[in-house]
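The structure under discussion appears below in the form of structure tokens.
The values are calculated or read from the model by the stated rules, or taken from the named source; none is laboratory data. Everything numeric here is computed off the predicted structure, so don't read it as measured data. Note that we place each Cβ from the backbone using ideal geometry, even for glycine, and neighbour counts take in every protein chain shown.
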Amino acid sequence: MSFIQLTTFIEAPIERVFDLSRSIELHKGSMQRFNEKCTAGKQGGLLELNETVTWQAKHLMKERQLTTKITALQKPFSFIDEQVTGDFVLLKHEHYFKPVQNGTIMIDQFHFQVPYGVIGKWVSRFYLTGYITKLLEQRNQFIKEVAETNKWKMFLS
């Protein structure tokens with residue numbers, strides 16, 4: 001199993017960062033270059049406990065679908081989304097939020113496992129982990145930019 005951890009400081013209240021991280025519209029905005037869209041499940045707003053969303057996007061030269069479900073949620077400190085169906089054997093994304101002076105620390109813990117045995121492990125280690133890390137960093141930068149400006153109102157109104 002592969003693991004990625006990212007920590008991002010955001011100069012915004014914890015409640016805002018938490019809600020932006022669950023916003024379907026924000027996720028679409030952060031993944032515009034992949035033309036990511038919802039094809040099933042919740043189509044807009046904030047994801048809540050036990051809700052699912054199916055995303056469709058082009059990644060690694062192929063159109064892909066991923067259905068995730070919010071399996072745990074403790075406002076405004078954490079939530080977990082996990083793959084229900086998709087290309088991974090396992091995908092679990094833990095989101096943690098900690099209020100600090102002048103803002104919020106956002107921590108992502110991303111666990112995933114790919115199929116195809118030894119070849120899958122090799123691809124994961126030498127390519128896929130870096131690819132996913134860049135996606136998460138881009139998404140976190142987008143959340144940071146939106147949360148620290150008045151743009152957040154567009155995603156939480």
Index of the failed condition, Phe88 passing every other in (1) over 13 Å from the mean Cα position of the chain (by Cα); (2) within 20 Å of Lys144 (Cα to Cα); (3) surrounded by 18 or more Cβ atoms within 10 Å (Cβ to Cβ): (2)
Across (1) surrounded by 19 or more Cβ atoms within 10 Å (Cβ to Cβ); (2) under 30 Å from Val123 (Cα atoms); (3) among the small types (Gly, Ala, Ser); (4) over 12 Å from the mean Cα position of the chain (by Cα), Ala40 clears everything bar (1)
Given the range 38-157, what helices (runs of 4 or more DSSP H) lie entirely inside it while holding 2 or more residues that are at pLDDT below 95, within 18 Å of Arg16 (Cα to Cα) and of a type in the set (Asp, Glu)? none
Among the candidates Val118, Val100, which residue alone is touching a residue at least 12 places away in the same chain (Cβ under 8 Å), loosely packed, with under 15 Cβ neighbours inside 10 Å and either more than 20 Å from Gly41 (Cβ to Cβ) or not aromatic (Phe, Trp, Tyr) (or both)? Val100
Looking at the range 9-36, I want the residues that are touching a residue at least 12 places away in the same chain (Cβ under 8 Å) and surrounded by 17 or more Cβ atoms within 10 Å (Cβ to Cβ) and have a partner that is acidic (Asp, Glu) and part of a helix (DSSP H, G or I) with Cβ atoms under 8 Å, at least 6 apart or on another chain. Which pairs are those? none
